[in-house]
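These notes are about the structure you will find just below.
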Amino acid sequence: MLSQTLVKGYNRANVSPHCMIMLDIRKAFDSLQWSFIATILSGKSGIRQGDPLSPYLFVLSMEVLSRYLRTLCDKPLVSYHPKCSKLKLNHLIFADDLMIFVRGDVPSVAAVKSTLSLFAKLSRLHANIEKTNIYFGGVHPDVKEVMLAATGFSDGQFPFRYFGVPLSTSRVSVTMFDSLILKIKHSIQHWSSNFLTYAGRVQLINSGISFEGRRMVFKTWKDICLPWDAGGFNIKDLSTWNDALQCRWLYLLAHTAYNLQHQSIWFVQPQDSFSSSLKGILNVSDRLVALAGSITNASSLINSWCSHGKFRVTAAYSYLKGTVLAGPWAKALTHPRIVPSHRIICSLAAQMKLATVDNMQHRGFYMLNRCSLCEVDLEDHAHLFFHCSFSKDIWQQLMHWMGINRAGSCLLAELEQAGVGNKQNWRMAWFCTTLAAAVYQIWNERNSRLFRGRKATANEIIRKIKFLVSTRLLMWTHHKHYSLIVGSLCVSCIVDSLCKRILL
């Protein structure tokens, strides 16, 4: 954020002359002088890439350069970059990535070049002339030519990347942004789904993927980012998380008046000269004031998120995200022993958000509605998971396995029943994991029959569910409880299932 703030307005006319040097060190690790290391560390060992100690030694060496640069502006005729004098800031450094900020005049740039030459003589770490750029703002073209000739550096052009983040003197135009989005979407079409997490795939779908003009979104990204007990997938909302991070900067700026004309951050009005980062912080401050009711309440709120001198971003995120409560069915899905993929499918099934035939027909797709499991009745969520004769057979045997003398009614009712009780109770864990695994396997069998033409018997699916649940609870439940859970599972069944999973 600091680097983005400093480069803001470089392309404007009638600004004070200033410049920034993006330094690249030639063969940084390989060129470091051993005698230089010995001088600052009094050691005899060399430094090699790949050696765990090498990064620490290199940082120690670059600290020497950092100290030289700190005293740079104490020299006569050398001036600070605009907005940097109060902080006595003239460089940003991380490992071998170095940015130097000074006033855009010949004496200041010459002093930088002299300092780099002195450091190179001591350490043999030379600037890579071909890759080192100098960026100018408000500098006369004739003076610019003198500086480039004296340093040998290249004339840098905006935008460029620093730590992977593009630095620009102004906002990216709408045309450039739209072009970038089109390129990204075109590239995404060629990506394998193996390279995207489930969250990434869902967010990609929600961003506008459609088929024949009809959107294939069954659950909005806002709902996906809700906690499990609120019917979501407990995926972090990056937009809200960014606002929470902005609250941290708001907290820090609220305790300083630097660069804000000695005003409190709460009373500063956005200006065109402000960077996009500062404007974002001001937007968050307005949002907090609106939520809290007053500046005093908002100030007390962000102070409450600080504990022992450390700002807790998670506390800000929880507040900005808000609390949304779902029905009692969602509690069962928060059990920690449920397989994450089972939890996701079961949550979608409970909210009737899976791509069943009836849901697809509601979105305008022409499909023959017939259950792929029983091949008799129409397919919807209620039929597929409990009313289908194939599913009924599975539930009947699973209920008997768990020692429950009743038949399954519907998914919501069973989830509500599973959510009643203590999560530490092994029977509740048994029931919750079995319920989620059964829904997942039934849905998986439906898709296997519909899209792959493969069929498995109810007994094969039941054996798979029992094996998954048993192995999931093996390391959690007490030995005597686990023996009850295994129940009818014979050793040969477990070994056979395990071998199949390993081979697959």
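Distance from the Cα centroid of segment 229-308 to that of segment 320-353 is 31 Å (rounded to whole angstrom). Shown in residue order for segment 87-103 are the 3J(HN,Hα) couplings computed by the Karplus curve 6.51 cos²θ - 1.76 cosθ + 1.60 at θ = phi - 60°: 8, 6, 9, 9, 7, 10, 9, 9, 6, 9, 8, 10, 10, 10, 10, 9, 5 Hz (x for Gly and Pro). Within a Cβ distance under 13 Å of Val102, other residues only, what is the Lys/Arg minus Asp/Glu net charge? Combined, the nearby Lys, Arg, Asp and Glu give +4.
Local charge sum around Val78 (other residues, Cβ-Cβ under 15 Å, Lys/Arg +1, Asp/Glu -1)? Walk me through the intermediate numbers first.
On the way: positive: Arg70, Lys75, Lys88, Arg103, Lys113; negative: Asp74, Asp105.
Counting the neighbours of Val78, the net charge comes to +3.
Summing Lys and Arg as +1 and Asp and Glu as -1 over all other residues whose Cβ lies under 14 Å from the Cβ of Thr132 gives a net charge of -1.
Between the alpha-carbon centers of segment 65-99 and segment 376-433, tell me the distance in whole angstrom. Value for the Cα centre distance between the two parts: 67 Å.
Site pair Asp142 and Lys236 shows an inter-label distance of 5.4 nm when each label is modelled 7 Å from Cα along Cα→Cβ. Taking amide H as placed 1.01 Å from N in the peptide plane, Val139 has its amide H under 5 Å from the amide H of His18, each at least 5 places away in sequence or on another chain.
Cross-link list Lys222/Lys331; Lys88/Lys113; Lys113/Lys279: which exceed 31 angstrom alpha carbon to alpha carbon?
Working: Lys222/Lys331 20 Å; Lys88/Lys113 19 Å; Lys113/Lys279 35 Å.
Check vs 31 Å cut-off fails for Lys113/Lys279.
Surface listing: Met22, Met99 arranged by accessible area from highest to lowest gives Met22, Met99, probe 1.4 Å.
The values are calculated or read from the model by the stated rules, or taken from the named source; none is laboratory data. The structure displayed is predicted, hence computed values, not measured ones. Please note: Cβ atoms are built from the backbone with ideal geometry, for glycine as well, and neighbour counts cover all protein chains shown. Heavy atoms of the whole protein, side chains included, go into the accessibility calculation; ligands, DNA and RNA do not. Shrake-Rupley method; radii C 1.70, N 1.55, O 1.52, S 1.80 Å.
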